[in-house]
Ligand code: ADP
Ligand code: MG
Ligand code: MG
């Protein structure tokens, strides 16, 4: 079943067109990788999907579960079941992950017309997800992201993802500072949460991340367009040959 359909997506930032007609279809059960040289528009695509108001969509559509995503408020996109890795990068002093996640989960349930989660079920869910991901109970009792190291932020983010249980996870691995531990955390999270009814889009510069996550489909984004799509072998080919052969054939 089709989950996401991006058609002819164009987006502009500060009068400059960055996305120049993106087409992408993601089905249930698939993991897609989006790769490409720096500056090609990968993070812009993630920002547009998240609904970042800095980016103006000038053409195209994004259908998620048969609804137009571009018409939805950013917060509602999450409640519909999309998770974007930089959704909660903020530090919230004095608010623990426990309280933050409970509020987020209950908002999602309210939106879906479901009952609020009981305290005991919430604690059980937290424990289950922590165990699944191997996350220490200390991390979730600390204030959200306050004084977190890069690795802890990553762990936290993957934990949020596990708790919200999205149908489609979109992870933009932007940082050149991602160490091997952080890559492993992300990969373990994506793999642990994946199932036949879910999908993930992993945006990465790092072929190395794909040593830990096996994508079904690999895309190369260049100058605002997807210029090549292939299977897992394409990622290996890119590692070996770089991007030049695609860009200047
Ligand atoms: P990637 O993630 O592939 O490295 P980006 O989406 O970050 O690429 O950037 C694509 C292009 O858009 C770059 O030329 C970048 O300078 C420009 N760009 C992205 N975001 C902004 C912004 N907020 N303001 C101005 N230019 C931007
Ligand atoms: Mg970049
Ligand atoms: Mg980027």
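Taking residue 190 as the residue in question, decide whether it is closer than 18 Å to residue 35 by Cα and within 16 Å of ligand 3 (Cβ to nearest atom). The answer is no for residue 190.
Scanning segment 84-99 for any residue that is closer than 28 Å to residue 218 by Cβ and surrounded by fewer than 14 Cβ atoms within 10 Å (Cβ to Cβ) turns up at least one such residue. Taking the criterion of being within 16 Å of ligand 3 (Cβ to nearest atom), modelled with pLDDT of 80 or more and surrounded by fewer than 22 Cβ atoms within 10 Å (Cβ to Cβ), the only residue of segment 158-182 that qualifies is 172.
Considering only segment 146-161, I want to know if a residue exists there that is in a loop (DSSP other than H, G, I, E, B), in contact with a helix residue (DSSP H, G or I) (Cβ under 8 Å, 6 or more places away or on another chain) and farther than 19 Å from residue 84 by Cβ. There is no residue in segment 146-161 that is in a loop (DSSP other than H, G, I, E, B), in contact with a helix residue (DSSP H, G or I) (Cβ under 8 Å, 6 or more places away or on another chain) and farther than 19 Å from residue 84 by Cβ. Pairs are defined by a Cβ separation below 7 Å, a sequence spacing of at least 6 or placement on different chains, a first member in segment 27-43 that is within 18 Å of residue 85 (Cα to Cα), and a second member that is within 6 Å of ligand 1 (Cβ to nearest atom) and not in a loop (DSSP other than H, G, I, E, B); the pairs so defined are 34/42; 41/18. If you go through segment 44-87 and keep only what is within 18 Å of residue 25 (Cα to Cα), within 16 Å of ligand 1 (Cβ to nearest atom) and not in a strand (DSSP E or B), you end up with 44, 45, 46, 47, 48, 49, 50. Among the residues of segment 51-76, those identified as in contact (Cβ under 8 Å) with a residue 24 or more places away in the chain and within 16 Å of ligand 2 (Cβ to nearest atom) are 54, 55.
Among the residues of this structure, residue 136 does not count as one that is surrounded by fewer than 16 Cβ atoms within 10 Å (Cβ to Cβ), modelled with pLDDT of 90 or more and away from ligand 1 (no atom under 16 Å from the Cβ). Of note, residue 23 does not satisfy the criterion of being over 14 Å from the mean Cα position of the chain (by Cα), within 16 Å of ligand 1 (Cβ to nearest atom) and not in a loop (DSSP other than H, G, I, E, B).
Examine segment 39-56 for a residue that is modelled with pLDDT of 95 or more and away from ligand 3 (no atom under 16 Å from the Cβ), and state whether such a residue exists. Yes, there is a match, as at least one residue in segment 39-56 is modelled with pLDDT of 95 or more and away from ligand 3 (no atom under 16 Å from the Cβ). When segment 139-157 is filtered for residues that are over 16 Å from residue 180 (Cα atoms) and surrounded by fewer than 14 Cβ atoms within 10 Å (Cβ to Cβ), the ones remaining, listed by number, are 141, 146, 147. Could you list, in sequence order, the residues of segment 191-207 that are within 20 Å of residue 151 (Cβ to Cβ), out of contact with any helix residue (DSSP H, G or I) (no Cβ under 6 Å at 6 or more places or on another chain) and crowded, with 22+ Cβ neighbours inside 10 Å? 202, 204 - these are the residues of segment 191-207 that are within 20 Å of residue 151 (Cβ to Cβ), out of contact with any helix residue (DSSP H, G or I) (no Cβ under 6 Å at 6 or more places or on another chain) and crowded, with 22+ Cβ neighbours inside 10 Å.
Only a single criterion out of (1) within 16 Å of ligand 1 (Cβ to nearest atom); (2) at pLDDT below 95; (3) more than 15 Å from the chain's Cα centre (by Cα) is not satisfied by residue 16, namely (2). Quick check on residue 31: is it within 14 Å of ligand 1 (Cβ to nearest atom) and in contact with a helix residue (DSSP H, G or I) (Cβ under 9 Å, 6 or more places away or on another chain)? So residue 31 does not fit the description; no.
The values are calculated or read from the model by the stated rules, or taken from the named source; none is laboratory data. This one's a predicted model, so the numbers in the text were calculated from it and none came from an experiment. FYI the Cβ positions are ideal-geometry reconstructions off the backbone, even for glycines, and counts take in every protein chain you see.
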